[in-house]
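Read the structure below first, then the notes.
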Amino acid sequence: MNLWPDRGLWRHRDFMNLWAAQIVSAFGSRITRTALPALAIVSLGASDSEVALLGALGVAPAILVSLAASGFIDRVPKRPLMIAADVARAVLIASVPVVAWAGGLGMLQLYIVAVVACVAGTLFQIADQAFLPVIVEREHLVEGNSKLGATDAVAEIAGPGIAGVLIQVVTAPVAVLLDALSFLWSAFFLTRIKVVEPKLAREPGRPLARAAAGIRAVWGSRFVRPLFLAEMLGMLSWGFFAALYMLFALRELGLDVATTGIIIGFGGIGAFAGALFGSWVVRAIGFGPALLIFLTLNMGGGVFFAAARGPGWDSIALLVAHQLIGDCFAVAYGIQARSLRQSVMPQALLGRVAAATVTMQATMLTLGAFIAVPVAEWIGVRGAVWTGVVIGLSSVLVVLLSPVARLQTIEEAAAPNRPPP
């Protein structure tokens, strides 16, 4: 069985440099994602509300940043912007161990790091989504997204597990320092990309009007719009998990940091599998049916997490199943959905479409994280987790009732003047 039949990008110099840039930075990002809340809980004794706020601040600024980026992202070169974002994150994240070793680390420092890292990361993410179609041809988009998704999965496997061990053995500040170095690695390889970006035409109108073009493009596509709506519900659900995961694992279940980090790492195994076999499933049963299966199993994986009770091996098995299944099908879905957007949307609008998508994702993720706190206080952390699961599963209906469910290939959606199915 050939799960990755098109190997043309292995010989593509610019793509390989982009891929190399993301390998280590993706790895380091998992360390920080695990280290910051663990540092707040274990070293600083943060309260439930402080930990939830830290998680929310790690995504909330993306709303304003992506809205602002919508007005200019398609008018600036993408590679220099990505390099600047990497360098900014390296300097910012390196401040955590410096301040910790000076004895002055507090929650305010972690809040600032979370906010500014989110700003730089959001700009990088938007530029990256618009940059890939500049580097590779349309027929290689699924392959490129699959390879980048596999890299993310490998980082998911190793990053959190190593982070949990490092936090207990050599302290969280050292773990965070590795992340800072990873962004310098990423910036170096981005400088090696030689592609000449197309000349950017000046567009009339105010920034808000230019930004609105991305939203109109999404809303005007009968194939992209339902994915946008489904992902709104999915991100609202993930906001619950972002705010409550560490609290549920460490306090509700009584697991330790190292065990939790290793459990999270199992998600990378599933994610790596999803990056490899997702395209094969699409070819076997068609794009729409495959996307529905991916989304259903992705959102349904939360049931395993919510059902866990106590620190025993049965709960650990349920949490591992949640990571394996949820991350596997999240990656499989994400690769295909992103490739569909990049194929259907005009290249001149890709930056604004990406910015509109990131704005929506950050808004719903933040909303979910903020809602999760009072819901957890009202019906308990476990009840709030189940609420997030139900919200996520409702996204399946949106895709099921849309034209996307009847697509056999991405090319059908990308074909001009295609009659309704």
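The values are calculated or read from the model by the stated rules, or taken from the named source; none is laboratory data. Note that the structure is predicted; figures quoted are calculated from it, not measured. Heads up, the Cβs are rebuilt from the backbone with ideal geometry, glycines too, and the neighbour counts pull from every protein chain shown. For accessibility, only protein heavy atoms count, side chains too; no ligands or nucleic acids. Shrake-Rupley method; radii C 1.70, N 1.55, O 1.52, S 1.80 Å.
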Less than 12 Å Cβ to Cβ from Tyr333, Lys/Arg counted +1 and Asp/Glu -1: what total charge do the surrounding residues give?
-1
Arranged from highest to lowest average of other beta-carbon atoms within 10 Å per residue, in what order do the peptides 238-244, 102-108 appear?
238-244, 102-108
Please state, to two decimals, what the Cα-based radius of gyration of the stretch 273-421 comes to when divided by 2.2 N^0.38 Å (N = residues).
1.20
Could you tell me the largest-minus-smallest coordinate of the C-alpha atoms of the chain on each of the three principal axes, in descending order and whole angstroms?
58, 45, 42
Compute the Cα gyration tensor for the stretch 17-92, then decide on rounded, prolate or oblate, letting a ≥ b ≥ c be the square roots of its eigenvalues: rounded whenever a/c is under 1.5, prolate when a/b is larger than b/c in the other cases, and oblate in all that remain.
oblate
Dividing the alpha-carbon radius of gyration of the stretch 17-162 by 2.2 N^0.38 Å (N being the number of residues), what value is obtained?
1.13
Length-normalised contact order of the chain in % [C-alpha pairs under 8 Å, at least 6 apart]
27
Give the carbon-plus-sulfur fraction of the accessible surface of the chain in %, rounded to a whole number; probe 1.4 Å, heavy atoms of protein chains only.
70
Principal axes of the stretch 216-282: Cα extent on each, largest first, Å:
48, 29, 13
Mind ordering 307-318, 178-189 by average Cβ neighbours within 10 Å, highest first?
178-189, 307-318
Could you tell me the accessible area of Lys78 in Å² (1.4 Å probe, neighbours in place), rounded to the nearest ten?
10
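Taking only protein heavy atoms into account and a 1.4 Å probe, give the accessible area per residue of the chain in Å².
40
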Ordering Glu411, Glu143, Glu50 by the accessible surface of their heavy atoms, 1.4 Å probe, largest first, yields Glu411, Glu50, Glu143
For 256-267, 281-292, ranked highest to lowest by mean beta-carbon neighbours within 10 Å, the order is 256-267, 281-292
From most to least accessible, 1.4 Å probe, no ligand or DNA/RNA atoms counted, Thr32, Thr191 line up as Thr191, Thr32
Accessible area of Phe15, 1.4 Å probe, to the nearest 10 Å²?
0
Simple SL model, points at 7 angstrom along Cα→Cβ for Arg192 and Ile293; separation in nm is 3.8
